[in-house]
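S.K.: Take this structure, written in structure tokens, and hold onto it; I'll ask about it next.
Taken together, the values in this text are just the output of simple stated rules run on the coordinates, not laboratory data. In this text, all values refer to a predicted model and were calculated from it rather than measured experimentally. Ideal geometry is used to build each Cβ from the backbone, glycine not excepted, and the neighbour counts take in all protein chains shown.
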Amino acid sequence: MERGEGSRKFPGGEEPNTKNASNNDNSPADVGPSSGPLKRGRGRPKGSQNSKKSKQSDRLIKWVPLFQGSINKVNQETGNDELVSSLMMRFNAVRRRLSQVKNVRVPIGTNFMKVEDSGEEKRLAISVVSSGKNADEAQDPDSLIYTGFGGQESDQKLDRMNLSLEEALKKKSVVRVIRAVEDEKRSQGNVYIYDGLYSITEMWEEKSSSGFKVFKFRLVRQADQKPAFGLWKSIEQWKKELVTRPGLVLEDLSNGAENLKVSLVNEVDDEKGPSSFSYITSLKHTVIDVPPMVDLCTCRPKSCCSRDDCLCVQRNGGELPYVDRVLVTRRSMIYECGDSCPCSNDCKNKMIGTGLKFSLEVFKTMDRGWGLRSLNPIRAGSFICEFAGDIIQQGDEVTDDYIFDSSRVSKSFQWNYEPELVGEDASKKVSEVISRPAIPFLISAKKSGNVARFMNHSCSPNVMWQPISREEKGVWCIHIGCFAIKHIPPLMELTYDYGAFTGYGKRKTCLCRSKKCSGSF
């Protein structure tokens with residue numbers, strides 16, 4: 001598989017040495033993402049009783065060779081959606097944890113396969129990652145002019161990656177195309193879009209802007225595939241209001257209450273909108289009985305959460321729960337910076353009360369009323385919104401279809417990282433069990449609420465809820481945050497598990513159509 005211009009090789013791109021792989025202490029994978037072994041500095045000799053404890057940033061995270069992915073030959077040949085989803089969730093959990101550890105970089109890369117041709121072993125490109133910048137021309141959603149590997153300091157050579165692309169052209173084999181676009185939610189980084197199967201139809205040479213010879217490959221998208229990059233381009237035009245959004249009923253359902261517009265779209269029937277309600281952006285805490293806050297953060301402005309002795313850091317077990325505004329692990333409770341903290345809304349330990357991070361859209365579904373989706377891609381662990389509404393008492397929800405019930409038990413799933421996979425002791429595993437007595441309330445969004453009131457139930461959800469505590473006017477206040485379980489592409493409906501029927505209210509028929517559907521909730 002070919003890399004885009006300026007990218008670097010990932011160790012996994014070469015053919016792995018399968019001989020004695022589990023016992024090979026010097027395998028590239030065993031080195032992990034660190035740039036090399038740490039050298040012992042001058043000072044105390046090895047084994048000294050007064051040696052300093054190693055800092056977390058000095059720890060080398062190693063690959064675990066005994067990882068069991070449960071992938072067998074049958075799964076490889078027939079496919080298994082559940083298994084793929086599970087593996088992706090475990091992989092994303094490890095990436096989130098590594099992003100939390102200082103001085104650790106998580107590499108990305110591409111791959112190719114080797115094939116036998118008349119007794120000769122050859123490399124065959126099976127996928128392409130296009131940078132979308134500079135040399136790669138990636139504006140056409142149905143074709144791509146791709147630049148070969150190399151050419152920054154000398155002429156490109158027809159070997160390795162470039163040769164694998166030429167081989168795919170000769171054999172008329174298809175390649176998977178992944179397009180990279182800038183992540184508008186991060187100052188650095190890309191969003192990668194799987195754009196389907198392409199055929200390499202042409203190859204030629206030309207001079208680059210630096211004067212060196214480069215190879216060019218024309219790739220054409222195969223017909224009858226669901227739109228991917230093309231849909232992305234359409235969404236960009238909708239957000240920039242260059243073209244009218246099909247089915248647009250209202251530009252901003254929040255009427256300016258949110259920092260980003262919440263569009264209302266109906267492409268199903270003539271209904272002009274949901275039943276009337278007051279749009280609010282946060283949970284009303286007027287009837288919650290909470291204990292007074294004992295200690296207030298004493299950090300100075302611009303230093304909150306940057307010191308290990310910060311109370312906000314200590315309350316979260318010594319590490320902030322978010323990295324780049326992404327939740328690393330779910331917990332029984334997360335503690336955010338509150339009103340008395342000297343930090344601003346840009347604080348890396350604040351999600352509640354800081355506004356929407358994604359352009360959300362309320363849309364009419366085919367058979368479940370109104371639903372919620374995003375015009376932006378959402379990374380696993382990203383904060384989507386909080387569940388806003390009124391606190392009610394049990395029994396008041398009988399005729400209410402906009403209820404969040406913290407006492408309902410959802411299907412269990414493992415979302416946090418496994419410590420063994422990043423070289424940590426198993427005792428560091430963070431419990432994902434929510435302490436039910438800590439959040440003894442029901443939230444009704446029938447009369448007052450926000451976008452969360454439109455999230456439908458699913459037995460295979462892509463959103464989870466997380467209790468969050470923050471200090472407000474000297475007392476602890478609990479909020480319910482909604483976070484992405486996995487990467488969510490644009491226009492995919494956002495759903496969470498309402499939990500099993502408890503006997504209160506009305507049992508409803510489930511229409512999620514998931515393979516794990518329980519039939520009702």
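S.K.: Give or take rounding to whole Å, what are the principal axis extents of the alpha carbon atoms in the range 329-464, in descending order?
M.R.: 49, 35, 32
S.K.: For Y146, Y498, what's the fewest-to-most ordering of other Cβ within 10 Å of each Cβ?
M.R.: Y498, Y146
S.K.: OK, next. Give the distance, in whole Å, between the Cα centre of the range 243-280 and the Cα centre of the range 162-193.
M.R.: Centre-to-centre distance over Cα atoms comes out at 35 Å.
S.K.: D346 versus L491, label points 7 Å from Cα toward the beta carbon: distance in nm?
M.R.: Rounded to a tenth, the inter-label distance reads 3.5 nm.
S.K.: Count the net charge of all other residues whose Cβ sits under 11 Å from the Cβ of G353, scoring Lys and Arg as +1 and Asp and Glu as -1. All intermediate terms of the calculation are to be shown ahead of the outcome.
M.R.: Details: positive: K350, R470; negative: E336, D339, E386, E472.
So the surrounding residues net to -2.
S.K.: Checking the a/c ratio against 1.5 first, then a/b against b/c, what shape does the Cα gyration tensor give for the range 259-363? Intermediate values should be presented prior to the final figure.
M.R.: Working: a/c = 2.68, a/b = 2.03, b/c = 1.32.
Prolate.
S.K.: So, counting K/R as plus one and D/E as minus one, what does the shell of residues with Cβ under 13 Å around M88 add up to?
M.R.: +3
S.K.: With θ set to phi - 60° and the Karplus curve 6.51 cos²θ - 1.76 cosθ + 1.60, what are the ³J(HN,Hα) couplings of the range 193-205 in order, to the nearest whole Hz, using x for Gly and Pro?
M.R.: Whole-Hz 3J(HN,Hα) from phi for the range 193-205: 10, 6, 10, x, 9, 10, 10, 7, 9, 7, 9, 8, 10.
S.K.: What does the extension gain come out to for F277 and E420, with contour length at 0.36 nm per residue minus their alpha carbon separation? Don't skip to the end; give the middle numbers.
M.R.: On the way: separation 143, 0.36 × 143 = 51.48 nm, distance 4.82 nm.
Gain in length upon complete extension: 46.7 nm.
S.K.: In terms of modelled amide H atoms, which long-range or inter-chain residues lie less than 5 Å from the amide H of N450?
M.R.: Answer set, sorted by chain and number: I280, A388.
S.K.: Given H placed on each backbone N at 1.01 Å, which residues far from Y335 in sequence or on other chains put an amide H within less than 5 Å of it?
M.R.: Those lying under 5 Å, H to H, from Y335 are S469.
S.K.: Would you mind checking which residues have amide H under 5 Å from V249's amide H? H placed 1.01 Å from N; only 5 or more apart, or other chain.
M.R.: Here the answer is L264, V265, N266, since their amide H atoms fall under 5 Å of that of V249.
S.K.: Take the alpha carbon gyration tensor of the range 296-355, find the square roots of its eigenvalues, order them as a ≥ b ≥ c, and report rounded if a/c is under 1.5; if not, report prolate when a/b exceeds b/c, else oblate. Show your work: numbers first, answer last.
M.R.: Details: a/c = 1.63, a/b = 1.19, b/c = 1.37.
Note, shape of the range 296-355 comes out oblate.
S.K.: Can you pull the three principal axis extents for the Cα set of the range 247-521, in Å, largest first?
M.R.: 57, 41, 38
S.K.: Using a Förster distance of 30 angstrom, determine the FRET efficiency expected from the C-beta separation of S332 and V268, and round it to 0.05. Kindly include the intermediate steps, with their values, before the conclusion.
M.R.: Values: r = 40 Å, r/R0 = 1.33.
The formula returns an efficiency of 0.15 here.
S.K.: Longer than 18 Å from Cα to Cα, which of K233/K486; K122/K170; K284/K506; K284/K486; K261/K447; K239/K357 are they? Say none if no pair is. Provide the component values of the computation, followed by the final result.
M.R.: Details: K233/K486 23 Å; K122/K170 12 Å; K284/K506 25 Å; K284/K486 29 Å; K261/K447 21 Å; K239/K357 14 Å.
Table pairs above 18 Å Cα-Cα are K233/K486; K284/K506; K284/K486; K261/K447.
S.K.: Continuing with the same structure: So what J values fall out for the range 250-259 if you push phi through Karplus, 6.51 cos²θ - 1.76 cosθ + 1.60 with θ = phi - 60°, rounded to Hz, Gly and Pro as x?
M.R.: Result, rounded to whole Hz: 8, 6, 9, 5, 7, 6, x, 5, 8, 6.
S.K.: Which FRET efficiency, nearest 0.05, do L158 and Q393 yield, Cβ-Cβ r, R0 51 Å?
M.R.: Rounded to the nearest 0.05, the efficiency is 0.10.
S.K.: Are there trypsin sites (Lys or Arg not before Pro) in the range 159-194 that DSSP puts in a loop and that have at most 13 other Cβ atoms within 10 Å, and which ones?
M.R.: K172, R186
S.K.: Among M464, M161, M455, rank each residue by its count of other Cβ atoms within 10 Å, from fewest to most, as a rough exposure measure.
M.R.: Going from sparsest to densest Cβ surroundings: M464, M161, M455.
S.K.: Could you calculate the contour length gain from L248 to S410, that is, 0.36 nm times the residue separation minus the distance between their Cα atoms, to one decimal place in nm?
M.R.: Gain on stretching L248 to S410: 54.9 nm.
S.K.: Here's another thing I want to ask about it. Note down the relative contact order for the range 247-521 as a percent, whole number, built from C-alpha pairs under 8 angstrom at least six residues apart.
M.R.: 24 percent
S.K.: Right, something else. Could you order peptides 479-490, 411-422 by the average number of other Cβ atoms within 10 Å of their residues, highest first?
M.R.: In descending order of packing, they fall as 479-490, 411-422.
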